[in-house]
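*Asks:* Take this structure first; my questions come after.
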Amino acid sequence: MSADATHQKRPTVAVLATGGTIAGDTADATQTASYKAGVFSVERLLSAIPALDGIAEIYAEQIASIDSKDLDDALWITLTHRVNTLLMQNNIDGLVIAHGTDTLEETAYWLHLTVASIKPVVLTAAMRPFTALSADGSLNLLNAVTLAAHPDAVARGVLVAFANRIHGARDITKISTYAVDAFASPESGILGWIQDGRVEFQRLVTRAHTMQSVFKINAIDTQYALPAVQIVVSHAGASRLVVDTLVNARICGIVVAGTGNGSVHVRLQQALADARARGVAVVRSSRVGSGHVMRNGAAPDDALGLVSAGTLNPYKARVLLILALTHGWGEPVMLQSLFDQY
Ligand code: SIN
């Protein structure tokens, strides 16, 4: 057999860029807090990583050039459509999205529930701009492509490659405003790691995602306004003002970021019960950052028609609630079963 016949074809990985610090520019390489996100093109980011050549054939596309704090519904819808279209192509084996760190966890979970493919989808980002000293983006991007090209990453839902770790989309959350290792997966832990070209998974994803997800947005275009869902925080001295204002503005759903195990200030709880009585879907999550919210624990969910977010943080609970309401599933029993499944 000739050397050519035994030569394995490199996988093809699509890299979609959306902006973020990974594409950010700082006027002074020593400054990592004041800079402009989303400046450099995907081609420029990729050209800084010659080692990619040995890993995969790259197909690159610039989807947006934003600071992810400004992300809107239209970008989520665009990403889902583009990812699904690309992954249906036989010549694409996996896909990477370069994103900002600030809302990465929300986009990752949105795609986890709306992408219909078993092929790897890996988000990555950076804490230091592209032009900063010791910028972390290039190695994160290299690791993300390595993961997206790896057969072990198939059928695990949407993944995040960051600081040598592999996180699941449902569990990952940003835990530091400045540290290079800025993400964690509290409670469940990371899925595995990537280092020097090696990929190792240590645990499975158990909740439903991608191919098992009931959420389909194929028929929705970028002009479509997703159901309005806002997050309200419970805190010392909380009042009903925000909830009443939202209800008067015809909000569809509210996620409350409760204290502790999803407990809610007595004034806010009454306002949420009244909102529910007027048809607003209300989900109880926690502002704590790890742990779960027990149904009928710190609040009488059955009596008030509320739903417990379980282990989903308020930002991800908002994603799931938007998708449920998009499908017309706003009643507490149905909603609770979705929160128990996803
Ligand atoms: C952003 O989220 O786009 C800016 C911040 C970052 O990427 O770290």
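None of the figures in this text is laboratory data; all of them are computed from the coordinates on show. Predicted, not measured: the structure shown is a model, and the values here were computed from it. All Cβ positions, glycine included, derive from the backbone under ideal geometry; neighbour counts span all protein chains shown.
*Asks:* I need Thr222, Thr101 ordered by Cβ neighbour count within 10 Å, fewest first. Provide the component values of the computation, followed by the final result.
*Replies:* Numbers: Thr222 12, Thr101 23.
Ordered from fewest to most neighbouring Cβ atoms within 10 Å, Thr222, Thr101 come out as Thr222, Thr101.
*Asks:* In a GNM of the chain with a 10 Å cut-off on Cα contacts, which of Asp70, Asp244, Asp221 has the highest mean-square fluctuation?
*Replies:* Among Asp70, Asp244, Asp221, the largest mean-square fluctuation in the Gaussian network model of the chain belongs to Asp70.
*Asks:* What whole-number volume per residue, in cubic angstrom, does the convex hull of the C-alpha atoms of segment 8-212 give? Mind showing how you got there, number by number?
*Replies:* Values: hull volume 21.4 nm³, N = 205.
Taking the convex hull of the Cα positions in segment 8-212, it is 104 Å³ per residue.
*Asks:* Step through the residues of segment 299-306 one at a time and calculate ³J(HN,Hα) from phi using the Karplus curve (6.51 cos²θ - 1.76 cosθ + 1.60, θ = phi - 60°), rounding each to whole Hz and writing x for Gly and Pro.
*Replies:* Couplings: 8, x, 4, 4, 5, 9, x, 9 Hz.
*Asks:* Taking 7 Å along the Cα-to-C-beta vector as the label spot, tell me the Asn261-Glu331 distance in nanometres, rounded to one decimal.
*Replies:* Using points 7 Å along Cα→Cβ, the separation is 2.9 nm.
*Asks:* Please give me the summed charge of the neighbours of Lys36: other residues whose Cβ is under 11 Å from its Cβ, Lys and Arg +1, Asp and Glu -1. Walk me through the numbers before you get to the answer.
*Replies:* Working: positive: none; negative: Asp25, Asp67.
That works out to -2.
*Asks:* What's the extension gain from Glu187 to Thr30 if we count 0.36 nm per residue and subtract their Cα-Cα distance?
*Replies:* Result: 53.0 nm gained on full extension.
*Asks:* Along the charge dipole of the chain, Cβ charges K/R +1 and D/E -1, which of Val242, Val13, Leu304 sits furthest on the positive end?
*Replies:* So the residue we want is Leu304.
*Asks:* Where the only charges are on Cβ atoms (+1 Lys, Arg; -1 Asp, Glu), what is the dipole of the chain about its Cα centre, to the nearest 20 debye?
*Replies:* Values: 26 positive and 29 negative charges, 155 e Å.
Taking the Cα centre of the chain as origin, the dipole is about 740 debye.
*Asks:* Using only the alpha-carbon atoms, what does segment 229-341 span along each of its principal axes? Please give whole angstrom values in decreasing order.
*Replies:* 34, 32, 24
*Asks:* While we're on this one: From the phi angles alone, apply the Karplus equation (6.51, -1.76, 1.60; θ = phi - 60°) to segment 35-48 and give each ³J(HN,Hα) in whole Hz, x where the residue is Gly or Pro.
*Replies:* My calculation for segment 35-48 gives 6, 10, 7, x, 8, 8, 6, 4, 4, 5, 4, 6, 5, 7 Hz in order.
*Asks:* Additional query: Label-point separation (nm) for Asn91 and Asp53, each offset 7 Å from Cα along Cα-to-Cβ?
*Replies:* That separation, rounded to one decimal, is 2.1 nm.
*Asks:* Which far-off residues, 5 or more places away or on another chain, put their amide H under 5 Å from the one on Phe183, with H placed in the peptide plane?
*Replies:* Close amide H contacts, sequence-distant or interchain: Ile175.
*Asks:* Ranked by Cβ crowding within 10 angstrom, fewest neighbours first, how are Lys9, Lys36, Lys316 ordered?
*Replies:* On the way: Lys9 7, Lys36 14, Lys316 26.
The fewest-first ordering by Cβ neighbours comes to Lys9, Lys36, Lys316.
*Asks:* Measure of size requested: the Rg and Dmax of the chain, with Cα atoms as the atom set and Å as the unit; please supply both.
*Replies:* Using the Cα atoms of the chain, the pair Rg, Dmax is 20.7, 77 Å.
*Asks:* Right, next: Just rank Tyr178, Tyr224, Tyr342, fewest to most, by other beta-carbon atoms within 10 angstrom.
*Replies:* Values: Tyr178 9, Tyr224 12, Tyr342 23.
Listing Tyr178, Tyr224, Tyr342 from fewest to most nearby Cβ atoms yields Tyr178, Tyr224, Tyr342.
*Asks:* Could you give each residue of segment 88-93 its phi-based ³J(HN,Hα) in whole Hz, using Karplus coefficients 6.51, -1.76, 1.60 with θ = phi - 60°, and x for Gly or Pro?
*Replies:* Those phi angles translate into 6, 6, 5, 8, 10, 9 Hz.
*Asks:* Report, please, the projected area of segment 11-100 averaged over directions, based on the convex hull of its C-alpha atoms, in nm². Could you put the intermediate results ahead of the total?
*Replies:* Details: hull surface 24.8 nm².
Averaged projected hull area, Cα only: 6.2 nm².
*Asks:* Can you list the residues, at least 5 places off or on another chain, whose amide H is less than 5 Å from the amide H of Ser286, using H built in the peptide plane?
*Replies:* Hits under the 5 Å cutoff: Gly258.
*Asks:* If I build a Gaussian network model for the chain, linking alpha-carbon pairs within less than 10 angstrom, which residue out of Gly291, Gly197, Gly20 has the largest mean-square fluctuation?
*Replies:* Sorting by GNM fluctuation, first place goes to Gly197.
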